[in-house]
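Take a look at the structure set out below.
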């Protein structure tokens, strides 16, 4: 899950960007004083906490919203978080995909990954596209950490979820906030990458909703490549103590240091 958090932090300062701004994206410092964690990190940690303590996903997500109410949530999610009796609101926004990566690290079988990913999504994003985005992201994380080759991972995702992942990277337009737009673009960024940092840089080149597509691609890239030690250590300093503590506990328990 640390890969997702790093992606969120890296992408935070380029949110809404146009890729034409990055003529030499390879020279951009991934971690910068202007970077910060956003709702992507907060809700990723909420899912991790629910898994660590065997708690209800909806209740934990709601609790973390109340702890961090100004992390950059969408308007519909804020209404959900502010409700005392929140109900799913049929969302197909990419929030279900951005927060799901702990499932891909915690589960021991692909079938279990798909079930748990759906459970994490349904509490808010009960639209079929919201569920599909969460399941595809969690499955990609799981398959990457299991050593699946990129061609095999791509074939599975295309058959199982119907995404077109053969689009040339250079033709991708800036990522929008829906699962059906953002998730395939994050997957392509990973599939065409050479290493962990390259996967994140590719999401910056795509532009648009950069914190979320970097969050998704970073989680999968962690499963495939691991995280450069210095980058992981530096990223943790952007978190407050409660978020850092849950992150470290999850990584220790599930062997994803």
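The residue that is surrounded by the most Cβ atoms within 10 Å (Cβ to Cβ), among those in the stretch 169-201 that are outside any helix (DSSP H, G or I) and under 14 Å from the mean Cα position of the chain (by Cα), is 175.
Mind checking which residues of the stretch 77-103 are assigned to a helix (DSSP H, G or I) and farther than 16 Å from residue 186 by Cα? Across the stretch 77-103, the qualifying residues are 77, 78, 79, 80, 81, 82, 102, 103.
Among the candidates 71, 50, the residue that is on the phi < 0 side of the Ramachandran plot, touching a helix residue (DSSP H, G or I) at 6+ places or on another chain (Cβ under 6 Å) and either loosely packed, with under 12 Cβ neighbours inside 10 Å or outside any loop (DSSP other than H, G, I, E, B) (or both) is uniquely 50.
To keep it simple, each residue is scored yes or no on (1) free of Cβ contacts under 8 Å to residues at least 24 places away in the same chain; (2) buried (at least 20 other Cβ atoms within 10 Å of the Cβ).
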{"site": "76", "(1), (2)": "yes, no"}
{"site": "79", "(1), (2)": "yes, no"}
{"site": "84", "(1), (2)": "yes, no"}
{"site": "89", "(1), (2)": "no, no"}
{"site": "99", "(1), (2)": "no, yes"}
{"site": "103", "(1), (2)": "no, yes"}
{"site": "109", "(1), (2)": "yes, no"}
{"site": "112", "(1), (2)": "yes, no"}
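Selection of the stretch 17-36 for residues being more than 18 Å from residue 218 (Cα to Cα), part of a loop (DSSP other than H, G, I, E, B), at pLDDT below 85 and in contact with a helix residue (DSSP H, G or I) (Cβ under 9 Å, 6 or more places away or on another chain) yields only 22. Against the conditions (1) under 21 Å from residue 7 (Cβ atoms); (2) free of Cβ contacts under 8 Å to residues at least 40 places away in the same chain; (3) within 15 Å of the chain's Cα centre (by Cα), residue 133 satisfies every one except (2).
The values are calculated or read from the model by the stated rules, or taken from the named source; none is laboratory data. Here the structure is a predicted model, which means the values were calculated and not measured. In this analysis, Cβ positions are derived from the backbone assuming ideal geometry, glycine residues included, and neighbour counts consider all displayed protein chains.
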